[in-house]
1. What number comes out for the charge environment of I51, summing +1 per Lys or Arg and -1 per Asp or Glu over other residues with Cβ under 9 Å away?
2. Could you do me a favour and compute the accessible area per residue for region 20-59, 1.4 Å probe, result in Å²?
3. Whole number in Å², please: accessible area per residue of region 73-214, 1.4 Å probe, ligands, DNA and RNA not counted.
4. Once neighbouring chains are kept in place and the probe is 1.4 Å, which whole percent of the accessible area of the chain is contributed by carbon and sulfur?
5. How large are Rg and Dmax for the chain when only the alpha carbon atoms are used, in Å?
6. Given the options V79, V11, T27, identify the residue whose Cα lies farthest towards the positive end of the charge dipole of region 1-129 (+1 on Cβ of Lys, Arg; -1 on Cβ of Asp, Glu).
7. To the nearest 20 debye, what charge dipole does the chain have about its Cα centre, counting +1 at the Cβ of each Lys and Arg and -1 at the Cβ of each Asp and Glu?
8. Taking a probe of 1.4 angstrom, what is the accessible area of F158 in Å², to the nearest 10?
Amino acid sequence: PIVIITQEDPVAAKLVENLARPGGNITGLTRLTSELSGKRLELLREAFVGIMRVGILTGSGEPQANAGDYEAAARAFNVTILPMNISGPKPDLESAFQAAVRGGAKAVIVNRDAVTASYLKQVAEQAIKHRLPSMNEDRAYVEAGGLMSYGTNDAAQFRRAAYYVNRILKGAKPADLPVEQPTKFELVINLKTAKQIGLTIPPNVLARADKVIR
């Protein structure tokens, strides 16, 4: 039996037949990362009114594909998306941010992938250096110095995974345990970073934060 915890779309990845009845030896939890893309862009624009060009930072090697998750929301908000790529053995963050600034980016959304997750502190430092508000799906980014994040709480996901392990050890079959989608999401804001950039978070956005780093 396998319990997944942070899988984006187990059906698309062909790990399970469907969420309600996985059908094999795999079950667990999903993260709904892509589905929250529009909400991240909305929160960023609500916090910083007037942002019309936003960079999407990715380390996957397919910047356009990753930026695609934001395209529908970008059209609705009349925002232009600027794909940024830092893939490769030695990601060039400085060049990626400089190119975004030259392209008129006024904020950056950081995709969570293997590359960006390895350089959270450096990404946050570049965003501060170029005075760009930044958003991530993972609170670890904000704890590393990033400005904002909105997404699932991985620690809560891990704790919930113990429920599945317990059920399976007591005889339940993974095929019969529905894959859960998260229902609670958290907004995390780093006020120290906002001060460094010279930004003020609007009270209505700050009031909705689940965690504020001061």
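The values are calculated or read from the model by the stated rules, or taken from the named source; none is laboratory data. What you see is a predicted model; the values in this text were computed from it and never measured. Cβ coordinates were reconstructed from backbone atoms using ideal geometry, including for glycine residues, and neighbour counts include every protein chain displayed. For accessibility, only protein heavy atoms count, side chains too; no ligands or nucleic acids. Shrake-Rupley method; radii C 1.70, N 1.55, O 1.52, S 1.80 Å.
1. That sum, taken over residues with Cβ under 9 Å, equals +3.
2. Using a 1.4 Å probe on heavy atoms only, each residue of region 20-59 averages 33 Å².
3. 51
4. Ligands and nucleic acids excluded, carbon and sulfur give 52 percent.
5. Cα radius of gyration and Dmax of the chain are 18.3, 58 Å respectively.
6. After comparing all options, I get V79.
7. 560
8. 110
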